[in-house]
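The values are calculated or read from the model by the stated rules, or taken from the named source; none is laboratory data. Source: prediction; values computed, not measured. Ideal geometry is used to build each Cβ from the backbone, glycine not excepted, and the neighbour counts take in all protein chains shown. Remember, those area values only see protein heavy atoms, side chains included, never the ligands or the DNA or RNA. Shrake-Rupley method; radii C 1.70, N 1.55, O 1.52, S 1.80 Å.
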Amino acid sequence: MDRMMQRLVQRILSYRDLLLRFAVGIVIGLLLLSVGLALFSPILEIREVRVARTDLRLNDELIQQSLRMIFGRHLVLLGAQEIAPLLTQDIPAQSRSAVPDLASVRMTKLYPSALQLRLTLKPVAYRLRVTIKDQNSVPVAGSGADFLTDDGLYVTYPASRIASGSSLPLLTIVDWGVRPTPWKPLLPRAFLQDLHDAEAALSKDFQLSIRSRTVYLRAREFHLQTPSYALWFDTTSPLTQQLQRYRVFLESTPPGAVKQYVDLRLTNAIVYQ
């Protein structure tokens with residue numbers, strides 16, 4: 001009896017090992033099949049690209065045109081880092097890219113064959129007016145349709161596509177050598193930061209409101225018009241020094257002496273009129 005039990009146990013153990021090897025084989029086979037499907041199956045080729053409508057500035061037609069080359073690509077093998085260059089490279093027939101003011105892309109793969117994109121655009125900081133420097137100051141581009149992003153990119157959109165576009169501060173560009181081109185960088189971020197910081201300091205420290213802002217492109221300077229006169233700044237010397245010159249000027253100049261402007265650009269003198 002004991003010998004029969006031992007043989008039965010040994011046979012069960014041999015079957016268990018066989019079943020275990022069979023199960024491992026099935027798992028490996030399924031893994032290989034999954035990898036094969038993931039790498040070679042046409043089921044996982046991209047057939048649809050969905051773009052979340054997060055901003056009125058997005059042009060669906062241009063986006064689809066710029067992403068045309070990824071259709072038919074394998075969904076598994078497509079990396080998120082490949083999307084932004086396609087959206088920001090120029091489309092020859094359009095003289096612009098699909099999303100020139102792109103800030104970031106979030107990509108989600110919807111298996112088996114769809115791609116979902118969520119695009120974030122750079123904030124618009126100013127309405128833009130580019131003028132010819134003559135006595136009439138004729139606008140080059142349509143007023144209300146030209147804007148500047150917070151990093152200095154010149155963009156053109158219908159005013160209705162910019163949230164609160166009419167309430168944005170107006171920035172006038174004069175003294176340009178080469179006519180500014182939409183969809184191209186116009187001002188360095190550091191320049192815009194100086195402009196913003198100057199306005200903030202004049203409001204906080206001197207209780208002055210700004211009625212207009214004029215940028216002299218070639219000279220790399222900006223003029224801020226206060227209710228009484230204009231203040232001239234440049235980007236060749238630190239803004240803090242120019243503001244300090246203005247403090248000294250106010251302490252040493254009688255009220256009402258200035259009629260048109262105060263030039264804060266010079267290091268050894270303050271010129272006013």
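Listed values, structure above:
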| item | result |
| --- | --- |
| Matching residues in segment 171-184 - criterion: being within 20 Å of the chain's Cα centre (by Cα) and open to solvent by 60 Å² or more (accessible area, probe 1.4 Å) | Thr181, Lys184 |
| Residue satisfying condition, being of a type in the set (Lys, Arg) and within 19 Å of Val271 (Cβ to Cβ), within set Arg213, Arg220 | Arg220 |
| Residue within segment 213-227 that is of a type in the set (Asp, Glu), open to solvent by less than 30 Å² (accessible area, probe 1.4 Å) and out of contact with any Cys (no Cβ under 6 Å at 6 or more places or on another chain) present | yes |
| Residue in segment 66-74 that is over 23 Å from Leu153 (Cβ atoms) and at pLDDT below 90 present | yes |
| Residues (assigned to a loop (DSSP other than H, G, I, E, B) and either of a type in the set (A, V, I, L, M, F, W, C) or in contact with a strand residue (DSSP E or B) (Cβ under 6 Å, 6 or more places away or on another chain) (or both)) located in segment 221-242 | Tyr229 |
| Flag if Arg245 is assigned to a loop (DSSP other than H, G, I, E, B), surrounded by 13 or more Cβ atoms within 10 Å (Cβ to Cβ) and not aliphatic (A, V, I, L, M) | no |
| Cβ pairs under 6 Å, 6+ apart, first in segment 162-180 and on the phi > 0 side of the Ramachandran plot, second among the hydroxyl-bearing types (Ser, Thr, Tyr) | Asp175/Tyr216 |
| Residues (open to solvent by less than 50 Å² (accessible area, probe 1.4 Å) and within 20 Å of the chain's Cα centre (by Cα)) located in segment 186-207 | Leu186, Leu187, Phe191, Leu192, Asp194, Leu195 |
| In segment 51-65, the residues that are of a type in the set (Val, Ile, Thr) and within 19 Å of Pro85 (Cβ to Cβ) | Val51, Ile63 |
| Counted residues, segment 68-125 - those being touching a residue at least 40 places away in the same chain (Cβ under 8 Å) and out of contact with any Phe, Trp or Tyr (no Cβ under 9 Å at 6 or more places or on another chain) | 14 |
| Filtered residues of segment 75-100 (kept if modelled with pLDDT of 95 or more, aliphatic (A, V, I, L, M) and surrounded by fewer than 17 Cβ atoms within 10 Å (Cβ to Cβ)) | Ala84 |
